[in-house]
Amino acid sequence: SPAASAALLLLILTLASPSPSAAAGETIGSIKNVSGPAAVLRGAERLAAAPGLKLLQGDILETGADGSLGLILRDDSLLSLGPSSRIALEKFVFVPSEGKLGLTARVMRGTMAFLSGLITRLAPESTTFVTPVATIGGGRVLEPNPQRLRRPDEETLAQLRLLKSSEPAERATASLFL
């Protein structure tokens, strides 16, 4: 029947249309700086982290005991990983012209600092960091044990101010690794 044919065609078109998430193989960002041992796990591959290495949705970033890693995402978000860290870039959607925005990262261990880019500025509720003890997103920190939180030291705050600088040359000199 014509109705069944139309429904089947609609289903095929829906399944064939690209997802708003980063397509397989689409670059979502790149590594800006590395210190010490660090790697990117991509499927079964283990790639040595190096400045300029393109990052894909689904990549897992790892640093060794003396390692640190800084990266920039396509929306100009900055992410810094400290020693012994493991973070998965689970979701990255950046199509602002269509209002499709989203960033989800899973912090499995270690430390990180995040300076928001356009996704968080345009749709704060669409950025989420999942940790073993809390979920951070939508401008709120959901922490079951707030007494465990501590304030960053002055050096960390100075590095965050440098990262927030509007001058790309200044941001590139920041070495914030918690």
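All of the numbers you see were taken from the coordinates with simple rules; none came from a lab. In this text, all values refer to a predicted model and were calculated from it rather than measured experimentally. Glycine also receives a Cβ, built like all others from the backbone with ideal geometry; neighbour counts cover every protein chain displayed.
Data table
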quantity	calculated
FRET efficiency, residue 100 to residue 154 (Cβ-Cβ, R0 25 Å, nearest 0.05)	0.05
Contour minus Cα-Cα distance for residue 47 and residue 125 (0.36 nm per residue)	24.9 nm
Cut-off under 5 Å, modelled amide H: who pairs with residue 100 long-range	95
Additional length obtainable on full extension of the chain from residue 118 to residue 84, 0.36 nm per residue less Cα span	9.4 nm
Burial order of peptide ranges 79-92, 28-41 (average beta-carbon count within 10 Å, highest first)	79-92, 28-41
Around residue 42: net Lys/Arg minus Asp/Glu count, Cβ-Cβ under 11 Å	0
Neighbour net charge for residue 64 - beta-carbon separation under 15 angstrom, K R +1, D E -1	+1
Around residue 99: net Lys/Arg minus Asp/Glu count, Cβ-Cβ under 15 Å	-1
Residues residue 133 and residue 27, FRET efficiency given R0 of 30 Å [Cβ-Cβ distance, rounded to 0.05]	0.45
